[in-house]
Amino acid sequence: MEIDLSVNTDLVNNLLTRFIRSEITRTGYSKAVLGLSGGIDSALVAYLAVEALGAENVLCVRMPYKTSSQDSLDHAQLIIDELNVPSLTIPITEMADGLIDKYPDMSKMRKGNIMARCRMITLYDQSEAFKGLVLGTGNKTESLLGYSTIFGDAACAINPIGDLFKTQVRQLSRALKIPAPIVDKPPSADLWLGQTDEQELGFTYEEVDRLLYLIVDQRYSPLECIEEGFDKLFVDTVGERIRRNHYKRIMPPIAKISSRTAGSDFLYLRDWGT
Amino acid sequence: MKFTLSLAQTAPKLGDLAHNLAEHLALIRSAAEQKADLIIFPELSLTGYNLQDLASTVSIKAVAEDAVFGKLLQASSSIDVIVGFVEEGPRQQQYISAAYLSKGQLVHIHRKVYLPTYGIFDERRYFAAGDSFRAFDTRFGRVGMLICEDFWHVSSPYALWMDGADLMYFISASPGRGVTDEVIGSAAWVENITRSYSGLFTTFVAHSNRVGFEDGLNFWGGSTVHDPDGKILLKAPYDDKSLTLATIDLNQLRRTRTRLPLLRDERPDLLVKELNRIQREKETK
């Protein structure tokens, strides 16, 4: 099968900006807050949000840690300047180190999670201060692979790009003329020096998106993916990542005791009454 | 004979009957002022689509005594109205229904037969299924109504065609899926089949679809009217609320069916015979 992940960028841009506008305004809000990392995902969300809500209604927050690269900060600033949005720079070093310093042997993973969650706290605080909802900036690829911190960077009120694969994020970002240095640089969580996503994951987004598209969107079995030319180990690894990280994509299970329980038989949309 | 139909592309508030009723009444007034003879609202226009546990709390009986339904009946004294709502059945079951109202009277109710329960849909969990496809007479000709998934099954409009429907009114809450082409994938699909039906059944087909979002789902609008030649008479905008009007020239039925007598030559008796045989063979296997 020919694997073509390309989307009609006009159609998607239109759909996502209307989604942002609808989901923010129907709850009585008119503004949004997001963390701007300097990477492509949050840059794209910022562009979409500005189109949806107007620049003055989108607060972009830079939240560097002491090891964050200068490039990340500069690229985030580039977006802020391009879009002419209100912005804040709130370093998280002090708050993160308050915990990190208590554990001299702390692993990189723990530190990374703490940073992601400090940013979540900061954004939700700004959400209240700015009276805007927090926009998620996680894409479909990282959600499926579980390449995110639960209650950290994954926390948000709504997520406009959660059903776009990373390669589709790139396609849409190019169409929206997001500056090339941001679109073209290697993706990085920038949790430690020199980190890149693809190095840490062990494969490129280009490769894994093609496989995820077959598994998820087209319902291919692992065997059918291998028949399409994907390496068995790659198929198994990705399949296992999807399964193991599913908990990050759903609400935590509640022990069923009563006759009606949220999540199982007390079911309403979030948009109930709006 | 000519008449004017209008399509109301609305974005209902989920579960808010009072709000949606007020909007219906305003649109009925507006359509009447524009000299429309009929207004067609989308599927579940009174309630919103993905109701889940709201289904039982927003259900109403289709009787004049019901506060909401009674208002709609009254409003139908000016122009005919097709409305989508949750109907409370006689034994406390809920149906996804479409009601045709005219001159203050309930003319016909269609209860959605095919309740999609797969992928993004979960209708069978909350709703009872209807069990008939019936055409009915209106002051503007013989009509058949279908609700969304009903017309994805080719047998449904076929049955209405055989029952005499010259005007098919389809109402939907169709969520968009597929973003590779210029038009949303599910929109292109629905447009293809509604147009095909109009040409194959040589009937008028009007499709009224809602707009707006419910959680992550987007409803694409793009309501249409096709004539018996498959020609598009009206195309409402994608995504936006609208009230659009089309003039229906019922004489087109005669002109088209003279040129292309598919209806005259259709063999429902043959179909029944073959279906009976197929059923028999299935049972004996």
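No lab work stands behind these numbers, since they all come straight from the coordinates. None of the values given here were measured: they were computed from a predicted structure. Note that we place each Cβ from the backbone using ideal geometry, even for glycine, and neighbour counts take in every protein chain shown.
List of remarks:
- From the largest down, the range B:62-191 spans 46, 33, 27 angstrom on the principal axes of its Cα atoms.
- Listed residue pairs exceeding 24 Å between alpha carbons, taken from B:K35/B:K235; B:K112/B:K282; A:K108/A:K177; B:K13/B:K71: B:K112/B:K282; A:K108/A:K177
- With both labels modelled 7 Å from their Cα along Cα-to-Cβ, the B:A32 to B:R124 distance reads 4.2 nm.
- Computed from the C-beta positions of A:K66 and A:E227, the FRET efficiency with R₀ = 56 Å rounds to 0.70.
- Relative contact order (percent, whole number), chain B, Cα cutoff 8 Å, 6+ residue spacing: 18 percent
- With the charge dipole of the range A:101-182 set up from +1 on Lys and Arg Cβ and -1 on Asp and Glu Cβ about the Cα centre, the Cα lying farthest toward the positive end among the listed residues A:Q171, A:G112, A:G136 is that of A:Q171.
- Rg ratio for the range B:110-265: its Cα radius of gyration over 2.2 N^0.38 Å, N being its residue count, equals 1.05.
- Centroid-to-centroid, using Cα positions, the range B:133-151 and the range A:258-273 are 35 Å apart.
- Bridgeable aspartates and glutamates around A:K111 (alpha carbons under 16 Å apart, same-chain partners fewer than 8 residues away excluded): A:E94, A:D97, A:D101, A:D153, A:D190, A:E200.
- Student exercise, the range B:2-284 dipole from Lys, Arg, Asp, Glu Cβ charges, in Debye to nearest 20: 800 debye
- Other residues within the sphere of radius under 12 Å centred on the Cβ of A:W272, judged by their own Cβ, net out at -2 (K and R +1, D and E -1).
- Spacing of the two label points (7 Å from each Cα toward its C-beta) at A:H246 and A:T89, in nm: 4.4 nm
- Entries of A:K31/B:K61; B:K61/B:K103; A:K31/B:K241; A:K31/A:K248; A:K131/A:K256; B:K61/B:K273 with Cα pairs more than 29 Å apart: A:K31/B:K61; A:K131/A:K256; B:K61/B:K273
- Every Cα-Cα pair in the protein assembly as shown was counted, and those over 31 Å apart are 56% of them.
- Applying 1/(1 + (r/R0)^6) with R0 = 30 Å to the Cβ-Cβ distance of B:E281 and B:D131 gives a FRET efficiency near 0.80.
- Over chain B, equivalent-ellipsoid semi-axes from the Cα gyration tensor in Å: 27, 23, 20
- Based on DSSP H segments of at least four residues, each scored -39500 (n - 2.57), chain A has a per-residue ellipticity at 222 nm of -14000 deg cm²/dmol.
- GNM flexibility winner over chain B from B:T203, B:T180, B:T258 (Cα, springs under 10 Å): B:T180
- 14 Å beta-carbon shell around A:Q77, net charge (K/R +1, D/E -1): -3
- Shape box of the range A:9-249 [Cα atoms, principal axes, largest first, Å]: 52, 50, 33
- Here is how the number arises for chain B: DSSP H runs of 4 or more residues each give -39500 (n - 2.57), the sum is divided by the residue count, and the result at 222 nm is -9000 deg cm²/dmol.
- Efficiency of FRET between A:T25 and A:D163 - r from beta-carbon atoms, R0 22 angstrom, step 0.05: 0.55
- Highest GNM mean-square fluctuation among B:V183, B:V63, B:V272, for chain B modelled with Cα contacts below 10 Å: B:V272.
- By other beta-carbon atoms within 10 Å, ranking B:L27, B:L46, A:L11 with the fewest at the front produces A:L11, B:L27, B:L46.
- Counted by Cβ distance under 11 Å from B:T203, the other residues give a net charge of -1, where Lys and Arg count +1 and Asp and Glu count -1.
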